[in-house]
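Since the structure comes first, as structure tokens, the remarks are kept for the end.
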Amino acid sequence: MKILTFGIAKDIVGGSEMDLPYVEGMTVLALKKAVLGAYPQFEKLNSLAIAVNNEYADDDLQIRLKDEIVLIPPVSGG
Amino acid sequence: MNSKIEFKKINPNLENKIDIQISDKPLSEQICLDFVSHPGAGGIVNFIGTVRNQTHGKSVIKLEFEAYVPMALSEMRKIAERAAQRWPVQKMAIHHRIGTLAIGEIAVVISVACPHRKAAFEACSFAIDILKETVPIWKKEFFEDGAVWVAAHP
């Protein structure tokens, strides 16, 4: 499962995407835990949101293999 | 007794009222003002976000903006739609720049036209406040001694 990264998330994972094993029925929360497990530096950020198919996702949302998943570190537009 | 229930369309077609853009070319406040011009408007408010030359007393050399474009466009559109539901917005434009910006360059333009000025000020202020909270755009500040992703760490 491919996860896209932006901003400081790109620096942390060392690229514009990272790979995680997909588990059938996994939730956004499980994904966050896997990300933090692979890259503990995410813990130090002010926040980490997950976007699924261009929408902010709640922890209990179940991820499908075809979903577009993006790590959203603290935003700073404007 | 005949009770008639009328449903008001609370989300009318806002397609030609709202203009959302992300561009790596310099923004034009005039283009936004031209878009929001409306014969029924009594007040047009323009917010221009510019690149400041210092942060916490440290000299800033330049900013770099990046965006998760499809979601940024969608979130910016949601902001304009929310503003149009809360205030009598006749037209609204939100344009954001990405790429490398020098001091003084324009990072974002938000233009709002309303029948009266109070709503125009409030809607514009709402839009930039929410943009800063929700739109997936990130800026990196460059100093003499390094660069920092703004707001990433406490």
Failed criterion for B:Val148 (all others in (1) away from chain A (no Cβ under 11 Å); (2) free of Cβ contacts under 8 Å to residues at least 40 places away in the same chain hold): (1)
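Let's see how each residue does on (1) among the polar types (S, T, N, Q); (2) modelled with pLDDT of 95 or more; (3) surrounded by 19 or more Cβ atoms within 10 Å (Cβ to Cβ); (4) outside any helix (DSSP H, G or I):
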{"residue": "B:Met76", "(1), (2), (3), (4)": "no, yes, yes, no"}
{"residue": "B:Ala83", "(1), (2), (3), (4)": "no, yes, yes, no"}
{"residue": "B:His96", "(1), (2), (3), (4)": "no, yes, yes, yes"}
{"residue": "B:Ala107", "(1), (2), (3), (4)": "no, yes, yes, yes"}
{"residue": "B:Ile110", "(1), (2), (3), (4)": "no, yes, yes, yes"}
{"residue": "B:Ala113", "(1), (2), (3), (4)": "no, yes, yes, yes"}
{"residue": "B:Lys132", "(1), (2), (3), (4)": "no, yes, no, no"}
{"residue": "B:Glu141", "(1), (2), (3), (4)": "no, yes, yes, yes"}
{"residue": "B:Ala147", "(1), (2), (3), (4)": "no, yes, no, yes"}
Considering residues of the stretch A:40-67 that are part of a loop (DSSP other than H, G, I, E, B), surrounded by 14 or more Cβ atoms within 10 Å (Cβ to Cβ) and in contact (Cβ under 8 Å) with a residue 24 or more places away in the chain only, the residue nearest to the other protein chains (Cβ to nearest Cβ): A:Leu45
Residue match in the stretch A:25-37 (condition: within 13 Å of chain B (Cβ to nearest Cβ) and either out of contact with any helix residue (DSSP H, G or I) (no Cβ under 8 Å at 6 or more places or on another chain) or of a type in the set (Val, Ile, Thr) (or both)): no
Qualifying position, being aliphatic (A, V, I, L, M), within 12 Å of another protein chain (Cβ to nearest Cβ) and under 13 Å from B:Ala80 (Cα atoms), among B:Ile106, B:Ile128, B:Ile137: B:Ile128
Any hit, the stretch A:2-13, residues being surrounded by fewer than 17 Cβ atoms within 10 Å (Cβ to Cβ), within 14 Å of another protein chain (Cβ to nearest Cβ) and aromatic (Phe, Trp, Tyr): no
Within the stretch B:85-94, considering residues that are part of a loop (DSSP other than H, G, I, E, B) and of a type in the set (A, V, I, L, M, F, W, C), the one surrounded by the fewest Cβ atoms within 10 Å (Cβ to Cβ): B:Trp87
Single unsatisfied condition, A:Lys32 versus (1) under 29 Å from B:His96 (Cβ atoms); (2) assigned to a loop (DSSP other than H, G, I, E, B); (3) not aromatic (Phe, Trp, Tyr): (2)
Residue identified as crowded, with 16+ Cβ neighbours inside 10 Å, farther than 20 Å from B:Asp34 by Cβ and away from chain A (no Cβ under 14 Å) among B:Ala67, B:Ala119: B:Ala119
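The values are calculated or read from the model by the stated rules, or taken from the named source; none is laboratory data. Quantities reported herein were computed from a predicted structural model and do not represent experimental measurements. No Cβ is skipped: glycine too gets one built from the backbone with ideal geometry, and neighbour counts run over all protein chains shown.
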